[in-house]
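Engineer: The structure that follows is given in the form of structure tokens.
A short reminder: the numbers here are calculations on the coordinates, not readings from a lab. Here the structure is a predicted model, which is why all the values come from computation and not from measurement. As a convention, Cβ positions derive from the backbone with ideal geometry for all residues, glycine included, and neighbour counts pool all protein chains shown.
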């Protein structure tokens, strides 16, 4: 159980300190500052044990969030909570920054009182929270409203309140994926995986029951057995193998376990329906081909070719290739056919930016790097070339097959709901060794 | 910083530094630095040459980046270029960069050295100083190699400026410290001494530091410095402060120089020249007088400076230790400080007093402050001060105040800081032992100690108690009684239980008369605690039980019952189980007489240096003032009239081995004990206890036995009451002759191996325990001893375990059974082969088994003797030899030797009382040979006449040879 929660600024000053349990002393605040924030060596592990006290921290820009406990808690739960906390704060006051936190500290304490009880995480659904924790002044509530809040918070469906009404029933579904890759200079894939999220924004009246379907291999195969062989063959190609997935609390897990169907009553507003990970049959949107040649001790020639590997009709955006330069670089000349390239001394890298690029295309950059001879015998470590991009499809191959909405009480049917589906594939850590 | 001209401002550097200071996060800082580095690289790489100013600026930036903790791998060349500049600021930055960043193995070192050489040769004092500072700051071996000759030259050159001299002296000091072998001593040394007369006080201060270091290394070369130093000191101390230029610090004239001069004087004994000596005494008195004057300023700097000089003067007084009046005055001065407000002063006073306490002149004076010190112990808030107080009490302790001091320390121990408890425990134990007049007080003290701080009482302490109790008959009863009472407490410390178990096992009978401590009560008391203690203690208690069986036959049944219980005889711990099984068996099989022999009281321990003292020394480690410690040690013994009741004889390599209980992990002692125990049963199956010479025969319970086994070598080495020439040092190969009259000792010793012996003979049978001690730290492989002997003697190796001898200190034991078939001359040879470090080692040693070992002493009256003497009157039966005495003709020694030879010494047989007469029977398997001997010493002529009559001529011949060798 979480014993306390602290928020620090980049200097290590405490902005928010909320202690839930007696076993966390006052010195715990300082212990974390001294041992993690001000540590000589950068602390990379998100979990730190100091004097039999565990600190779990996440960092958002310059702000440190640390949960403290003396017990043997489920670390994944704590991190899930911390991320949720970040989401809630973002939903209330936007970007998490020192200034925002200072301006909203009363609100944050209020939120902390609500979402953690004696160190046990409670309802952290933004939609639900917003009904009774508001940023505006206290609006006197009628008895009815108060009792409604109680029944809602303590009821079975804590994430959705009753009596929501929309003139237009709308639904937005985003499939957001980030693709991670490590490739050898020869083009061999050393490791690759996609971690994806299905994010939904729902504006639906009443208490609708939704059903979500995608090209999950297990489901398709099950159906394939029942259907025709032709059907199975066709869809088999399209289906994907999901390694693991987690759902929002609204999803009925029992149904998923038994029928593998995803059915739920959605919260109102924006939420993350599921998270998943795949490692097989990933579509790699870009291929990077590096060529590094050392000319004597004072010169280095670099040529990098990128190839886009998707349908020509699609356009990739925000492409950025980052080519590291040696530490003793004294000058760089760059020639590129497309986009803009610049040597950034502060980051020790050449950054090449291309705004848009269609599929099945190829582009190249060449650079001459001048080096300053040093008396250091250390060889340059040759860090990998990394890449950033955004593509309008899911690199895992995931497809939304259907999203059905049933609302038995109100008289609107599945056809009346306006549905929007969008796929965005982004780069995670997308690196090629050179 | 003074205002700088616009061209020298290095605005770029200032901007860069302020940029970095304004960085919000570490990442931002790294980005800024990367950018700057790239900029500098491009500037350095650029085609057009940089001017001195920008070079300086960039080097400065690099230096700053380096000091922030980032790696810098370029710019060295530019820094070296700066060295050749003529501008001071550029040169300075160049030197700064080099002394911070250049590592010794860089290729640039040649260039740098060249630049430094140029600067040293220049006439500009600023440049020379910069160069000297650089040499001193780097201080590497390379620097020393390059400039060790130049620096002294500059130092003693007549035309060198004062400031340069000062730097040169300090530079030389640094080189001398880092690589003393490279700084040559030469003719400059004598001239350095004269720097003490220099006009400039800065030069004198620097030179004094240098001379002090040099004088510590070779005092003889700098003897002349003493008189100069005294002269200088007296000028400073007695002068009015006007002539000291700027060197008066808060009304104290030249405190640093004074302190350094006093330090220098501490390198030498008191000056022999009376004039100098009196002048020095005058100085020291003046310093002591000044301490009494009211302070001239209330500033803390004033008192600090004054006290620094004072304490250094006191150190010198203590070091000289020759002027009683000064010592007493110093002591009184320190006594004043003991109650000073300043904690630091109290600390220093206690520390200095510790040293004063060891001086014979001031010991009494120190003792007068005992009350203050004791109150300091109680009231002081700082633990380090309390620790000093403990040290001082320890140092001032002597026979007169020991009881009080020990009582106070014990008192303090109850509340003492955990970190110093163990040390106090050791100190109390040592003091109690050293100054114990009444050993019952000693026993009380130590038991108290264990009660108060049981956890901190180390093994050595309680080993020591037992050693002392066993060696002193007078306290045994008291000890048993006290221990018994102490054990009554519901919760007592395990160490107390160990002591209690051991002492009751040995001397429980002394208090058994009292119905309150009847045998059964004693046993029940011990056994009630049995289950609460650890395995080693339980093992010890089991030994106590078997001893109880011997001491109190009436509770034999109860004890056997306990031993027989499953928790003992089936204990999961091998050691305990084995003890239980063996003891039970021993108590069933052996008759009371055998038990009495086997479980005899422990023999006294050899006197040796107290193991606790060794431990304390070890704990202290190389202290800050090792020489003072040493001096104190010496003094202590002389002051107290060398009263060391426990003697400080040669310390065996590991004194703690002595009592080491067989730890449960090592099986060796347990198994040796098992064999020993079983052997003893069959060897002595007849109710006959031979009065064997040498060590008492009862290796009793296995604690004792393992004690004995592990230390047999050292035992024999240190002291053997009956041994002939026992004090001969362990030679490479020890003559077997030594063993004619004794049965134990070191047979052989070299760098690798030590062989110790213990043997016992009865009639025609003998048993020899051979101990092989590995003196190296590695294992011997394929260790295989064998014995070669003739038909006349049968030997066979009874027990041989392990073919490898383990690490240093470990012992391997072997038992040889010997049977004498008929008389023999040649001794059997022990052949040992083993592999050490890949080399096959072969060692052959003659075993000291001689014919006389099979003697059985025969007592007879004068009448009988002469009757038999006459019977053996055949000419071939008598052998007579007249020979010169090789050793002093002490009748006691001679007596011991004859008894050691194996015959019975017959008193009042010979009409001449100075003659010795003996009789015995040699047993062989075939026959028995009676033997009579007579030894007539002639003290005037230093001659002996030895006459032997036996029934066999060969035997007489052989015995005569053997015995005549001994005198």
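Engineer: Defining a contact as two alpha carbons under 8 Å apart and six or more residues distant in sequence, what relative contact order in percent does the range B:211-312 show?
Structural biologist: Details: 92 pairs, mean separation 34.8, N = 102.
Worked out over the range B:211-312, it gives 34 percent.
Engineer: Given a Förster radius of 22 Å and the C-beta distance between residue A:243 and residue A:47 as r, what FRET efficiency does 1/(1 + (r/R0)^6) yield to the nearest 0.05?
Structural biologist: Numbers: r = 24 Å, r/R0 = 1.09.
With a Förster radius of 22 Å, E is 0.35.
Engineer: Enter the mean number of other protein chain beta carbons within 10 Å of the beta carbon of each residue in A:334-347, as an integer. Don't skip to the answer; put the middle values down first.
Structural biologist: Details: counts 0, 0, 0, 0, 0, 0, 0, 0, 0, 1, 4, 9, 10, 4.
Taking the mean over all residues of the peptide, I get 2.
Engineer: Mind ranking B:209-222, A:32-45 by how tightly packed they are, going by the mean number of other C-beta atoms within 10 angstrom, highest first?
Structural biologist: On the way: B:209-222: 17.6, A:32-45: 12.9.
Answer by packing, highest mean first, reads B:209-222, A:32-45.
Engineer: Something else now. Under a crude label model (7 Å from the Cα following the beta-carbon direction), how far is residue B:525 from residue B:873 in nanometres?
Structural biologist: 6.8
Engineer: Could you work out how much longer the chain between residue B:22 and residue B:189 gets when fully extended? Use 0.36 nm per residue separation minus the Cα distance between them, nm to one decimal. Could the numbers behind the result be given before it?
Structural biologist: Values: separation 167, 0.36 × 167 = 60.12 nm, distance 5.44 nm.
In short, 54.7 nm is gained.
Engineer: If I model a spin label as a point 7 Å beyond the Cα along the Cα-Cβ vector, how far apart are those points for residue B:70 and residue A:335 in nm?
Structural biologist: 3.2
Engineer: Cα centroid distance between the range A:262-276 and the range B:438-507, in Å?
Structural biologist: 78
Engineer: Viscosity 1.567 mPa s, temperature 4 °C: what is the translational diffusion coefficient of the protein assembly as shown from Stokes-Einstein with a Kirkwood Rh over Cα pairs, rounded to a whole number of µm²/s?
Structural biologist: Diffusion coefficient, whole number: 30 µm²/s.
Engineer: Fully extended, how many nm does the chain gain between residue A:378 and residue A:356 (0.36 nm per residue separation, minus their Cα-Cα distance)? Numbers along the way, then the final one.
Structural biologist: Working: separation 22, 0.36 × 22 = 7.92 nm, distance 3.90 nm.
That works out to 4.0 nm of additional length.
Engineer: Kindly rank B:484-493, B:369-378 from highest to lowest mean number of other beta carbons found within 10 Å of each residue. Could the numbers behind the result be given before it?
Structural biologist: Values: B:484-493: 14.5, B:369-378: 18.5.
Listed from highest to lowest mean packing, they are B:369-378, B:484-493.
Engineer: Could you order the peptides A:284-290, B:273-279, B:747-753 from most to least packed, using the average number of other C-beta atoms within 10 Å per residue?
Structural biologist: A:284-290, B:747-753, B:273-279
Engineer: What percent does the relative contact order of chain A come to when contacts are Cα pairs within less than 8 Å and at least six residues apart?
Structural biologist: Worked out over chain A, it gives 15 percent.
Engineer: Rounded to the nearest 0.05, what FRET efficiency is calculated for residue A:131 and residue A:191 with R0 set to 41 Å and r the Cβ-Cβ distance?
Structural biologist: 0.40
Engineer: Let me ask another. Given the C-alpha centroids of the range B:911-967 and the range B:567-609, what is the distance between them in whole angstrom?
Structural biologist: 41
Engineer: Rounded to the nearest 500 deg cm²/dmol, what is the calculated helix-only ellipticity per residue at 222 nm for the protein assembly as shown, with -39500 (n - 2.57) per DSSP H run of length n ≥ 4?
Structural biologist: Values: 49 runs with 601 residues, N = 1401.
So the helix-based figure for the protein assembly as shown works out to -13500 deg cm²/dmol.
Engineer: How long, wide and thick is the range B:38-128, going by the Cα atoms along their three principal axes, in whole angstroms, largest first?
Structural biologist: Between the extreme Cα coordinates on each principal axis of the range B:38-128 lie 40, 28, 22 Å.
Engineer: A further question on this structure: Give me the distance between the Cα centres of the range B:53-131 and the range B:316-344, rounded to whole Å.
Structural biologist: 50
Engineer: Next question. Given R₀ = 25 Å, what would the calculated FRET efficiency be for residue B:108 paired with residue B:48, taking r from the Cβ atoms and rounding to 0.05?
Structural biologist: Details: r = 23 Å, r/R0 = 0.92.
E(calc), rounded to 0.05, equals 0.60.
Engineer: Now for a separate question. Expressed as a rounded percentage, what relative contact order does the range B:49-182 have, with Cα pairs under 8 Å and six or more residues apart?
Structural biologist: On the way: 131 pairs, mean separation 24.9, N = 134.
Relative contact order comes out at 19 percent.
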